[in-house]
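I have placed the structure first, in the form of C-alpha cells, so that the comments after it can refer back to it.
Nothing in this text is a laboratory measurement; each read-out follows from the coordinates by a stated rule. All values reported here derive from a predicted model rather than from experimental measurement. Neighbour counts are summed over all protein chains in view; Cβ atoms, including those assigned to glycine, are modelled from backbone coordinates with ideal geometry.
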Amino acid sequence: MGEDCKDIAPRVHIHFIRTVDEKLVRQACALYASEFKGPNGIPLSLVRSHIESGKYQLHVGLLDSRFVAMALIWTDTHNVFTHVDYLAVKRAFRRKGIGSNLLAHIIEHAPTDLQTVEVVPEDVPFYARYGFVPAPFTYLFPASKKQVLFTLMMRNGSGAPLSATNIEYVVKALYCDLHNKKRTNARLQSCLASIRKMS
C-alpha cells in the first residue's frame, strides 16, 4: 500500500500512497466529490488523473482499516513550495483531531519549508493554528467558474519573510502549473497587481 505510516491518534494511521491503490483512490474521489462539489471544485476525472499521474500526492487517514480522511498535495516543479490542495475528513469522524493530525503529518513530511493552501474564509482559523498566515492581498480562486474570493495562506517553516517576488512565483505556479491557466488570465493579472501594490 504505502509508506511513511504514522500513528496519530488511537488506531488512526496516515499513509502517503506511493503506488496507486484503486480502492483508496476510489474512496478519496468519493470524499472529494461529497465535500468539494459546486463551482469551486475541479472535475472528479481530473482529480483521479492527477492522482494516477503522480501530479497529486494522496495521503489517507485510516481508522481500523476504514478510510476516514484524505488530502491531495501538490509540489511545484522547482520544489519551492508544497500546496495542500484538498483536505477532508468524513463527516462522521470530524471533531476527533483527525484533520489536525493529517495536516501536521503533511507539514512534517513536506519536501519544502514553504507550504500553501487556498481556503474559504471559515477555514482560515484552522490553518492559522498550524502557522499558516493569510497573504495580504486579494486572491481570486483560479479553479472556480465564477470569480470567488479565497484566502491564500502560506506557512514558511524556515521563518524567513517572503518577498513580493516569492509570493508572485507562488501565485503564478498555482494558476499556471496547478490550475492550467494562461499567464494572461485576468484573475491572475488582478492578483499580481495586488501583490505589486504591497511592495
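Annotations
- About the Cα centre, charge dipole magnitude for the range 71-199 (Lys/Arg +1, Asp/Glu -1 at Cβ), debye: 520
- Fewest neighbouring Cβ atoms within 10 Å first, the residues K55, K146 line up as K146, K55.
- Residue order, fewest to most beta carbons within 10 Å, for D76, D113: D113, D76
- Just checking the listed ones, A143, A69, A164: in the Gaussian network model of the chain with Cα springs under 10 Å, the one fluctuating most is A164.
- Fully extended contour minus Cα-Cα distance, from N180 to T77, at 0.36 nm per residue: 35.7 nm
- Across Q115, Q57, Q189, mean-square fluctuation computed from a Gaussian network of the chain (C-alpha pairs under 10 Å connected) peaks at Q189.
- Taking each DSSP H run with n ≥ 4 as -39500 (n - 2.57) and averaging over every residue of the chain yields -9500 deg cm²/dmol at 222 nm.
- Within the listed set F150, F126, F67, the Gaussian network model of the chain (springs between alpha-carbon atoms below 10 Å) gives the highest mean-square fluctuation for F126.
- Taking N as the residue count of the range 115-199, its C-alpha radius of gyration divided by 2.2 N^0.38 Å amounts to 1.04.
- Residues F132, F93, F141, sorted so that the one with the fewest Cβ neighbours within 10 Å comes first: F93, F141, F132
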